[in-house]
Amino acid sequence: MSRPAVAFVVGTRPEAIKLAPVAVLLGRSDWAKPNIISTGQHGATVAETLRGFGLEPDVELRPVRDLPCVGGLTSSLLHVLAAEFGHRRPELVVVQGDTSSALTGALAGFFAGIPVVHLEAGLRSRDITSPFPEEGNRKLIAQIAALHLAPTTTARDNLLAEGMDAASIVVTGNTVVDALQSSLGAAAPYNDGVLEAADRSGRPLVVVTAHRRENWGAPIGRIAAAAAMLARANPQLLVVVAAHMNPAVRATIEQPLRAVANVHLTGPMGYAPFARLLARARLIITDSGGVQEEAAALGVPVLVTRDTTERTESLDAGLSQLVGTREIDIVTAAGHLLAGDQAPAGRFDGANPYGDGRAAQRSVQACRWLLGKGERPHDLALTSLHH
């Protein structure tokens with residue numbers, strides 16, 4: 001007999017990274033098979049990321065692209081996903097995080113009467129405008145999900161505080177740790193002579209990324225100016241700017257940095273070489289939630305160029321600090337960290353607040369339990385983790 005399908009809705013590269021370990025393990029099971037639906041949000045980038053885990057999209061949708069507003073994208077995605085679930089009725093719909101693809105995948109599944117599983121449930125910044133629209137998206141998904149796969153006990157507590165049924169929440173850890181461990185084990189080449197030379201010489205690296213919608217425009221310009229100031233003040237460093245795939249975002253951050261000798265602009269990178277780059281960094285400056293989690297798993301200090309973050313576990317563990325987007329705040333905090341004034345110069349010791357690399361295993365077991373085909377997994381006890 002053919003195995004029933006579990007739909008994975010994937011729109012962006014971060015979703016592909018975090019859903020891939022779950023899809024891989026489910027594909028090895030004897031009770032269900034993954035059906036990977038690419039919504040076309042990040043198109044070829046999603047397909048490339050999935051291939052790094054040995055996966056391919058089963059379905060590639062064609063929503064209306066380049067719409068001028070979030071509402072237009074959301075309505076287009078909902079339309080094509082509703083049609084897909086009407087044509088093929090999976091046993092479950094799995095969505096990850098807080099993107100437009102995640103929200104519309106959850107809504108389309110709910111409208112079709114298909115149980116929705118929310119991977120990375122329960123993250124909250126407690127500011128509905130930041131990140132926008134992600135904070136709203138993830139709160140809406142929580143209202144209709146049948147199963148909440150919370151990455152941490154803090155995320156579980158957020159869901160309980162909002163009235164979610166405790167029986168519907170499983171603490172799994174974050175699958176980004178699974179993905180990171182798998183990718184680092186592959187030892188992928190950079191295909192970048194500057195980065196390969198820096199690895200051979202042991203030159204210290206600072207990695208900078210920026211892409212958040214609320215930082216578009218002047219805030220990203222200030223982040224770029226701070227990176228330039230930091231590079232000029234520390235000529236021994238190589239400041240690596242791994243820019244976003246959005247060309248407008250990339251132009252804003254790259255333009256002020258082109259004339260700085262010890263700044264290297266990589267453009268978008270594949271996930272495996274990017275993981276290798278993060279593991280080499282002395283310091284990371286980012287507005288990315290996923291990078292905050294990856295840095296914690298690697299023990300690399302992070303300056304978060306936002307005013308709020310839903311990754312509070314990193315803050316509580318002393319692995320990251322919020323600095324906003326003012327140049328002087330970024331440069332001052334970076335200087336202290338690089339000098340060892342505020343944190344260890346090397347890697348951090350202690351528990352990884354985002355899990356043990358077995359989040360995908362717990363997630364697959366939880367899906368099986370939801371369908372009445374297996375036992376409920378034990379919640380991850382993060383306090384028992386050690387590097």
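What full-extension length gain, to one decimal in nm, is calculated for residue 166 and residue 259 as 0.36 nm per residue of separation minus the Cα-Cα distance?
Working: separation 93, 0.36 × 93 = 33.48 nm, distance 5.44 nm.
In short, 28.0 nm is gained.
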#### Entry: Relative contact order for segment 199-305, counting Cα pairs under 8 Å that sit 6 or more residues apart, in percent
32 percent
#### Entry: Distribution of pairwise C-alpha distances over the chain, 10 Å bins, in %
5, 24, 34, 25, 10, 2, 0
### Message
If I model a spin label as a point 7 Å beyond the Cα along the Cα-Cβ vector, how far apart are those points for residue 144 and residue 89 in nm?
### Response
1.8 nm
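What is the packing order of peptides 227-234, 354-361, taking the mean over residues of other C-beta atoms within 10 Å and listing the highest first?
Result, highest mean first: 354-361, 227-234.
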### Message
Can you list residues from other chains, or at least 5 along the same chain, whose modelled amide H is less than 5 Å from the amide H of residue 264?
### Response
239, 240, 241
### Task
Let me have the relative contact order for the chain, percent, based on Cα pairs under 8 Å that are six or more residues apart.
15 percent
### Message
Apply the Karplus curve 6.51 cos²θ - 1.76 cosθ + 1.60, θ = phi - 60°, to the phi angles in segment 72-88 and return the couplings in whole Hz, x for Gly and Pro.
### Response
x, 4, 4, 5, 5, 5, 4, 4, 6, 6, 4, 5, 5, 6, x, 7, 10
### Task
Amide H neighbours of residue 169 under 5 Å, at least 5 residues apart or on other chains, H built in the peptide plane: list them.
148
## Note on the structure
For residue 369 and residue 28, extending 7 Å from Cα along the Cα-Cβ vector and measuring point to point gives, in nm, a value of 2.0 nm
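Suppose the chain between residue 75 and residue 197 were pulled fully straight at 0.36 nm per residue; how much longer would it get relative to their current alpha carbon spacing? Working shown, then result.
Values: separation 122, 0.36 × 122 = 43.92 nm, distance 4.67 nm.
Additional length available on full extension: 39.2 nm.
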### Task
Output ³J(HN,Hα) for segment 171-187: one whole-Hz value per residue in order, computed from phi by the Karplus curve 6.51 cos²θ - 1.76 cosθ + 1.60 with θ = phi - 60°, and x for Gly and Pro.
7, 10, x, 9, 5, 5, 5, 4, 5, 5, 4, 5, 6, 5, x, 7, 6
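Per-residue ellipticity at 222 nm for the chain, helices alone: DSSP H runs ≥ 4 residues times -39500 (n - 2.57), over residue total, nearest 500 deg cm²/dmol? Kindly include the intermediate steps, with their values, before the conclusion.
Numbers: 15 runs with 168 residues, N = 387.
Mean residue ellipticity at 222 nm (helix-derived): -13000 deg cm²/dmol.
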### Antiparallel DSSP beta bridges within the chain, percent to nearest 5
0 percent
## Note on the structure
Whole-number value, in Å³ per residue, for the convex hull of the alpha carbons of segment 1-95 is 89 Å³
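So if we plug the beta-carbon distance of residue 248 and residue 378 into 1/(1 + (r/R0)^6) with R0 = 51 Å, what FRET efficiency do we get, rounded to 0.05? Intermediate results must be reported in sequence, preceding the final value.
Numbers: r = 46 Å, r/R0 = 0.89.
Approximately 0.65, to the nearest 0.05.
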### Query
Residue-wise, which Karplus ³J(HN,Hα) couplings in Hz belong to segment 113-128, taking 6.51 cos²θ - 1.76 cosθ + 1.60, θ = phi - 60°, and x for glycine or proline?
x, 9, x, 9, 10, 10, 7, 6, 7, x, 6, 9, 9, 6, 9, 4
### Message
Can you give me the C-alpha center-to-center distance between segment 122-144 and segment 188-231, rounded to a whole angstrom?
### Response
28 Å
### Query
Against the longest principal axis of the chain, how steep is helix 289-298, in degrees 0 to 90 to the nearest 10, with axes from Cα atoms?
70 degrees
### Scattering curve values for segment 138-236, log₁₀ I(q)/I(0), Debye with Cα scatterers, q = 0.14 Å⁻¹
-0.88
### Message
Quick query: amide H of residue 92 versus all other amide H atoms, modeled in the peptide plane; which residues come in under 5 Å with a sequence gap of 5 or more or a different chain?
### Response
7
### Message
Based on Cα coordinates alone, diagonalise the gyration tensor for segment 74-197, multiply each eigenvalue by 5, take square roots, and list the semi-axes in whole Å, largest first.
### Response
28, 20, 16
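When each pair of different Cα atoms in segment 192-339 is counted once in the 1/r mean, what is the Kirkwood radius in angstroms, to one decimal? Walk me through the intermediate numbers first.
Details: mean 1/r = 0.0668 Å⁻¹.
It is 15.0 Å.
Among 69, 367, rank each residue by its count of other Cβ atoms within 10 Å, from fewest to most, as a rough exposure measure. Display every interim value, and only then the final one.
Details: 69 8, 367 27.
Exposure proxy ranking, most exposed first: 69, 367.
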### Query
Using the count of nearby Cβ atoms within 10 Å as a rough guide to exposure, how do 22, 206 rank from fewest to most?
206, 22
### Message
With just the Cα atoms defining each centre, how far is segment 1-74 from segment 276-345? Give it in Å.
### Response
30 Å
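Values in this text are rule-based calculations from the coordinates and carry no lab data. In this text the structure is predicted, and so the values were computed from the model without any measurement. Heads up, the Cβs are rebuilt from the backbone with ideal geometry, glycines too, and the neighbour counts pull from every protein chain shown.
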